[in-house]
1. Please find, among A77, A123, the residue that is more than 16 Å from the ligand (Cβ to nearest atom) and more than 30 Å from I239 (Cβ to Cβ).
2. Looking only at strands (runs of 3 or more DSSP E) that fall completely inside the range 1-61, which ones have 2 or more residues that are of a type in the set (S, T, N, Q) and either within 20 Å of the chain's Cα centre (by Cα) or at pLDDT 95 or above (or both)?
3. When the residues of the range 291-310 are narrowed to those that are closer than 25 Å to A93 by Cβ and of a type in the set (S, T, Y), which ends up nearest to the chain's Cα centre (by Cα)?
4. I need the full set of residues from the range 184-210 which are part of a helix (DSSP H, G or I) and crowded, with 23+ Cβ neighbours inside 10 Å, in order please.
5. Look through A123, A99, A93, A67 and report the one residue that is touching a residue at least 60 places away in the same chain (Cβ under 8 Å), surrounded by 21 or more Cβ atoms within 10 Å (Cβ to Cβ), over 16 Å from D243 (Cβ atoms) and small (G, A, S).
Amino acid sequence: MKIGNKHYRSLWWDDQQGALQIIDQRALPYDFREQSVASMQDYVDAIAQMRVRGAPLIGATAAYAMAYAMSQDPSDANIQRAWETLYATRPTAVNLRWALDRCKARLLGLNAAERAAAALLLAHEIADEDVDINRRIGEHGLQLIEKIAAKKSPDEPVRLLTHCNAGWLATVDWGTATSPMYHAHNKGIALQVWVDETRPRNQGALTAWELGNHGVPHTYITDNAGGHLMQQGLVDMVIVGTDRTTRRGDVCNKIGTYLKALAAHDNKVPFYVALPSPTIDWTIEDGVADIPIEERNERETTHIQGIDGSGDINTVQVTPEGTVGGNPAFDVTPNRLVTGLITERGVCDASADGLAELFPDLSA
Ligand code: MRU
């Protein structure tokens with residue numbers, strides 16, 4: 001997507017440096033910092049410290065990390081070592097395991113001498129595939145937005161609500177939940193997007209930054225405002241992303257998503273999840289029981305980052321000294337609260353049958 005007039009992906013390969021380039025998302029939306037990732041420790045830190053974040057982007061970054069590992073030591077032992085090191089960086093988004101497994105399977109089938117070049121090509125392939133998947137999610141989600149728009153006058157906006165950042169910054173391009181929004185906006189459909197702040201790390205500010213750069217009208221709201229807005233009839237549809245969706249359609253996403261789904265259900269507001277197929281965990285059914293929920297540092301809750309009047313990025317404490325913070329980073333929305341899953345192959349019910357019908361090749 002564009003920043004100003006320049007098209008960006010959230011990561012790209014620099015041939016001259018022979019290194020991956022990322023946007024350090026910890027500094028956004030205040031400062032735009034490009035960074036090189038040039039060692040295994042850099043890759044691990046980039047994912048664990050959330051310089052890159054969002055399930056699909058974590059997966060693509062891990063593929064480039066495997067390519068880096070192969071450029072250093074293409075042995076079987078190093079494939080396994082890199083797999084284990086990277087797998088430990090963030091536990092919830094299943095795209096990480098998906099990308100690592102795909103790299104491992106491809107690389108173990110090759111001679112050691114072929115692995116470095118093949119791993120880099122595979123990383124490019126995974127990144128390009130992500131862009132294509134998200135574009136197609138956008139086309140399918142657009143049809144849902146068009147149906148709502150058809151019932152309104154042309155200047156009356158379709159009012160969408162989203163949580164966290166499931167935007168292009170969380171993927172390689174387009175985003176998942178934001179892709180239908182960008183497609184609708186590009187087609188001239190009037191939109192108004194409610195953007196949840198998404199404490200503790202305020203990924204909503206990333207969404208606001210993205211939408212603002214693309215000219216999509218939006219309003220930044222506190223996490224607690226969504227239920228009220230739905231009660232007032234001010235939300236036509238909720239679209240969120242997902243970090244892991246089970247084979248029966250339970251959806252794990254950023255903490256607070258479940259509460260939005262409950263409010264949507266109570267107010268009969270359609271609640272859709274934009275779901276790229278690499279985010280489906282076909283090995284599990286019950287998301288509440290079986291998805292590991294990342295518990296992050298309590299400091300993310302007791303402190304908050306922002307920009308001060310002189311333009312410096314600062315962190316301030318919001319709690320009394322010594323207050324203990326609790327920080328589960330994700331929650332699970334049971335499939336009964338999900339109106340539908342917007343995948344690259346179309347929209348389906350959040351159910352085992354719905355997913356199996358669209359993905360017979362993957363679900364078997
Ligand atoms: O902790 P984060 O910022 O990596 O969490 C991101 C989310 O929860 C996104 O909604 C999810 O990864 C989908 S991204 C297309």
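1. From the options A77, A123, the qualifying one is A77.
2. 34-37
3. T301
4. Of everything in the range 184-210, those that are part of a helix (DSSP H, G or I) and crowded, with 23+ Cβ neighbours inside 10 Å turn out to be A184, Q203, G204, L206, T207, E210.
5. A123
Here is a yes/no grid of residues against (1) assigned to a strand (DSSP E or B); (2) within 13 Å of the ligand (Cβ to nearest atom); (3) of a type outside the set (D, E); (4) farther than 22 Å from I342 by Cβ:
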| residue | (1), (2), (3), (4) |
| --- | --- |
| I239 | yes, yes, yes, no |
| G249 | no, no, yes, no |
| N253 | yes, yes, yes, no |
| A264 | no, no, yes, no |
| P292 | no, no, yes, yes |
| T301 | no, no, yes, yes |
| G309 | no, no, yes, yes |
| T315 | yes, no, yes, yes |
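Quick grid of which residues meet (1) under 26 Å from the mean Cα position of the chain (by Cα); (2) modelled with pLDDT under 95; (3) away from the ligand (no atom under 16 Å from the Cβ):
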residue	(1), (2), (3)
W83	yes, no, yes
T89	yes, no, no
T92	yes, no, no
L108	no, no, yes
R136	yes, no, no
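Each row is one residue, and each column tells you yes or no for (1) open to solvent by less than 10 Å² (accessible area, probe 1.4 Å); (2) closer than 19 Å to G54 by Cβ; (3) over 19 Å from the mean Cα position of the chain (by Cα).
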{"residue": "N224", "(1), (2), (3)": "no, no, yes"}
{"residue": "H228", "(1), (2), (3)": "no, no, yes"}
{"residue": "Q231", "(1), (2), (3)": "no, no, yes"}
{"residue": "L234", "(1), (2), (3)": "no, no, yes"}
{"residue": "V251", "(1), (2), (3)": "yes, yes, no"}
{"residue": "A264", "(1), (2), (3)": "yes, no, yes"}
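The values are calculated or read from the model by the stated rules, or taken from the named source; none is laboratory data. Bear in mind the structure is a predicted one, so any value in this text is a computation, not a measurement. Here Cβ is always computed from backbone atoms with ideal geometry, including for glycine, and neighbour counts include all displayed protein chains. Quick note on the areas: whole protein, heavy atoms, side chains included, nothing else; ligands and nucleic acids left out. Shrake-Rupley method; radii C 1.70, N 1.55, O 1.52, S 1.80 Å.
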